[in-house]
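This report concerns only the one structure given below.
The values are calculated or read from the model by the stated rules, or taken from the named source; none is laboratory data. Quantities reported herein were computed from a predicted structural model and do not represent experimental measurements. Cβ coordinates were reconstructed from backbone atoms using ideal geometry, including for glycine residues, and neighbour counts include every protein chain displayed.
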Amino acid sequence: MVVLAVSIVLFFWRLVFTHQFEWIWGPDLAQQVLPWFEIQARQFNAGHWPLWDSSFWCGQPLFGQMQPGAAFPLNWILFSLPLDSTGHISRTALEWYFVVIHVIAGLSAFLMSRDLGRSRGAAVIAGLFFALGGYVGHTGWPQMLNGAIWAPLVFLFLFRMMRGERPLMSAMWAGVFQGCAWLSGHHEVPIYTSLASLLLCVWAGLRSGTDRVRWIGGTLLFCVFAAGVGALQVFPGYEYGRLATRFGAPGGFQWNQYVPYAVHATYSMDPAGVVGLILPAVRSDLVVFVGVLALALGLVGAVANWSSEVVRASAVMSICGLLYALGGSNVIQGAMYAVVPQLNRARHPQSAIILFDAGLAVLLAFGVDALPVTALRSRLMKALLIFGAGAFSVLAVMSMAEVLKADPAVGMAPLVALLLAGILWAVSRGLAWTAAVSCIGILLVMELGATLRYYIVDKGEHNRTVFLEQMNSNEDIAGFLKQQPGPFRIQAEETDLPLNWAGKFGLETYTGYLGGVTNNMLSLDLSDPKRQQLMGVRYRIAKERPPLPVVEVFRGASGLRVFRDDAAFPRAWVVHESALIPPAATKSPLANTDNARLKTVALTAAPDPALRPCAGIDDVRYLRRIPAESLLQVTTPCDGILVIAETWFPGWRAAVDGKSAPMRQVDGALQGVWVPGGTHTVEVKYRPLPVIAGACSTGMFILAALVCEFLSRGRGAMSQRTT
């Protein structure tokens, strides 16, 4: 295991030893994932749990969005590390975080292979392949990676069930690790691995004859523990999904709507892209690439061990994963999209290639251990020589004809084939098996390493790191804004600053680049400058003066200027009148309502306690404010409603002078608290019940698994002593 972990770290030498390269450089990574991480790290370092994201769309729940990864324990470690001198996550921490994810993936595949009786060398090679090739090796999004790295451990225990080894305990642990996948922050890979696990249970149960009752019980236990452990993410994700619009398709879609099949077809693998298994990025996404070595030895493993039920199951899983990845080109995938509940949510059929990788890791381990068989080794050597020579000839002709420019990664395929054939020839001439396995491992790393330049980018490649550079730009403007009295929000056009730039620097805006947004906030039409003023947009960043009565207060080195809008509302104010929102206006509650009226009237969906205007001056001051909690001092001459320009969402609670008070939704999406006349302290907190219940469930199920394991081993030890 140490050799495997060290090998994976060395594979990523560009990141951890030179600091000249970036992995978090693409548009989604730099301008969505990185701000999410920064927001949560600031809250961790400030000593409170990140529950609420106040930076985007006037506030959104972090756990409910799922993709910020707020429920994943490895992320908690990253967020809790000390920030650098500029107040950001250190680059070293981010680099090691990325590497550790791959180490976990490799160790998971290693343990699975060893549990199947494979040699240490074969298990190390399987671990290297799963961590560095295919989906895990070529996916940049950490929330997706973190859902994939548990797949080998899930199948480790399912294979134990198939072998009849402590079947109920094995089902329980398979469920625990499937639940860990659900904590990752993205639903796609967990959906695929959950479905594959259930189908594997059904298939094995049908073949087991008299043991079907045991398999039914094991399957139910797997489902219960997967749901129980994953509850910390699943519960708040379900709540948010019902109340938000998801932006995974043009125009977005609601919880009760299917993801349009056109989206699935777009993110499907081209049938011709199957060649991408050995020729990277040829008619396919890079996640398809597994390499000549892994595929060849995997085929050997399948042929040599076809009598093994585990090998047959792994081969079938690999084939099914590959066929499902074809998506729009496979009518069976379309039928499954239509009839399997929630499968339509996994909008990237190509991501099902993770099942191909998990199955191939098993076959690869079996294949390495099968190489000492002379007949198989000889046949494989001949096939590799034919492929290598033929592929080299084709590439040479195409290159000379300038049909295909030479690509080191593509050219590596025939070279690896010839070198692997050479290793097999050396084995037949007496090369020690330990040395041969070491050579095979080195060759695998070389082949998979040829694609590193596709997703690990040199910081000097400014045409590729432009999105990260945009996020890091205009630090002088961020510094000026953070010195201004708040709270307030900012506005900037996407052509001037990335949408999520505010979150990177601890500022707040009324919009953002997210995976979804609550429906109530979308109903306010925040593209209207008047609605932006309502939400407290006090500063506007632009090259030219906006068509509003604003005052220029700062000019950045980049030429961008900061304008102050004195017509912006404070972030909290008191009104002494209320009015009902007409039923016909629920989709656009503030239509035809100007800001002057909203300064004195709260629009509500249900009748409020009787209010009446009164003479005097209201005063609202923030005494303390963090994203999920605020303490305000309110002075008002008579009863009124404290309106807080923050997204209303279930889980927000209020207390006036320490006594619980109802939190209302006012003005279509804002928070409202009734306060009596006089001077009072009002405390508002976000304490979401789904997160609390989910945390309890996750903790209890993990504890239950550990207790059951302890008791099971205790009974086993006792029975051995009595015999």
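The helices (runs of 4 or more DSSP H) falling completely within region 306-374 that include 1 or more residues that are among the small types (Gly, Ala, Ser) and over 20 Å from ALA122 (Cα atoms) map to 309-325, 331-339. Against the criterion of being among the basic types (Lys, Arg) and modelled with pLDDT of 95 or more, ARG42 qualifies.
When region 255-265 is limited to residues that are touching a residue at least 24 places away in the same chain (Cβ under 8 Å) and of a type outside the set (A, V, I, L, M), the one that is surrounded by the most Cβ atoms within 10 Å (Cβ to Cβ) turns out to be HIS264. Among the residues of region 451-509, write down those that are charged (D, E, K, R) and within 23 Å of the chain's Cα centre (by Cα). Listed by number, the residues that qualify are ARG453, ARG464, GLU469, LYS504, GLU508.
Does TRP652 meet the test of being of a type outside the set (Ser, Thr, Tyr), in contact (Cβ under 8 Å) with a residue 60 or more places away in the chain and either surrounded by 12 or more Cβ atoms within 10 Å (Cβ to Cβ) or farther than 30 Å from SER578 by Cα (or both)?
No; evaluated as a whole, the condition is false for this residue.
Go through region 59-89 and give me each residue that's out of contact with any helix residue (DSSP H, G or I) (no Cβ under 6 Å at 6 or more places or on another chain), within 23 Å of VAL103 (Cβ to Cβ) and in a loop (DSSP other than H, G, I, E, B). Matches in region 59-89: PRO82 only. Annotation: of all residues in region 674-690 being assigned to a strand (DSSP E or B) and of a type in the set (D, E, K, R), the one that is farthest from VAL656 (Cα to Cα) is LYS685.
Within region 283-310, the set of residues being in contact with a helix residue (DSSP H, G or I) (Cβ under 6 Å, 6 or more places away or on another chain), farther than 17 Å from GLY137 by Cα and of a type in the set (Val, Ile, Thr) comprises VAL300, VAL310. Only one entry in LEU371, LEU404 is modelled with pLDDT under 95 and within 21 Å of GLY117 (Cα to Cα), namely LEU371. Hey, could you check region 655-668 for residues that are in contact (Cβ under 8 Å) with a residue 40 or more places away in the chain and either out of contact with any strand residue (DSSP E or B) (no Cβ under 9 Å at 6 or more places or on another chain) or not in a strand (DSSP E or B) (or both) and say which is nearest to LEU232 (Cα to Cα)? The qualifying residue nearest to LEU232 (Cα to Cα) is GLY668. A single entry from LEU29, LEU10, LEU15 fulfils the requirement of being in contact with a Gly (Cβ under 7 Å, 6 or more places away or on another chain) and in a helix (DSSP H, G or I): LEU29. Checked against the criterion of being touching a helix residue (DSSP H, G or I) at 6+ places or on another chain (Cβ under 9 Å) and either more than 16 Å from LEU107 (Cβ to Cβ) or surrounded by fewer than 22 Cβ atoms within 10 Å (Cβ to Cβ) (or both), the candidates LEU206, LEU153 yield just one match: LEU206. Tell me whether region 635-645 contains one or more residues that are assigned to a loop (DSSP other than H, G, I, E, B), touching a strand residue (DSSP E or B) at 6+ places or on another chain (Cβ under 6 Å) and outside the structural domain of PRO236 (by TED's automatic domain parsing). No, that holds for no residue. For ILE278, the criteria (1) over 25 Å from CYS201 (Cα atoms); (2) free of Cβ contacts under 8 Å to residues at least 12 places away in the same chain hold in every case but one, which is (2). Screening THR139 against (1) more than 29 Å from VAL275 (Cβ to Cβ); (2) at pLDDT below 95 leaves a single unmet condition, (1). When the criteria are applied in full, PHE225 meets the requirement of being surrounded by 16 or more Cβ atoms within 10 Å (Cβ to Cβ) and more than 22 Å from LEU62 (Cα to Cα). Checking every residue in region 371-390 against the condition of being assigned by TED's automatic domain parsing to the domain that holds VAL124, crowded, with 21+ Cβ neighbours inside 10 Å and under 24 Å from ALA313 (Cβ atoms) gives at least one match. Being crowded, with 24+ Cβ neighbours inside 10 Å, over 24 Å from LEU706 (Cβ atoms) and among the hydroxyl-bearing types (Ser, Thr, Tyr) is the requirement here; does TYR238 meet it? In short, no. With respect to (1) free of Cβ contacts under 8 Å to residues at least 12 places away in the same chain; (2) part of a helix (DSSP H, G or I); (3) of a type outside the set (Asp, Glu), the lone exception for ARG242 is condition (1).
Let's see how each residue does on (1) at pLDDT 90 or above; (2) assigned by TED's automatic domain parsing to the domain that holds LEU522; (3) over 19 Å from SER197 (Cα atoms):
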position: LEU297; (1), (2), (3): yes, no, yes
position: GLU309; (1), (2), (3): yes, no, no
position: ARG312; (1), (2), (3): yes, no, no
position: ALA335; (1), (2), (3): yes, no, yes
position: GLN342; (1), (2), (3): no, no, no
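Tell me whether region 443-452 contains one or more residues that are loosely packed, with under 15 Cβ neighbours inside 10 Å and in the same structural domain as ALA389 (by TED's automatic domain parsing). No, the conditions are met nowhere in region 443-452. Summed over region 669-717, the residues that are touching a residue at least 12 places away in the same chain (Cβ under 8 Å), loosely packed, with under 13 Cβ neighbours inside 10 Å and small (Gly, Ala, Ser) give a count of 1. Close contacts from region 379-401, counting a first residue that is at pLDDT below 75 and a second that is among the polar types (S, T, N, Q), with Cβ to Cβ under 9 Å and a gap of 6+ residues or different chains, come to none at all.
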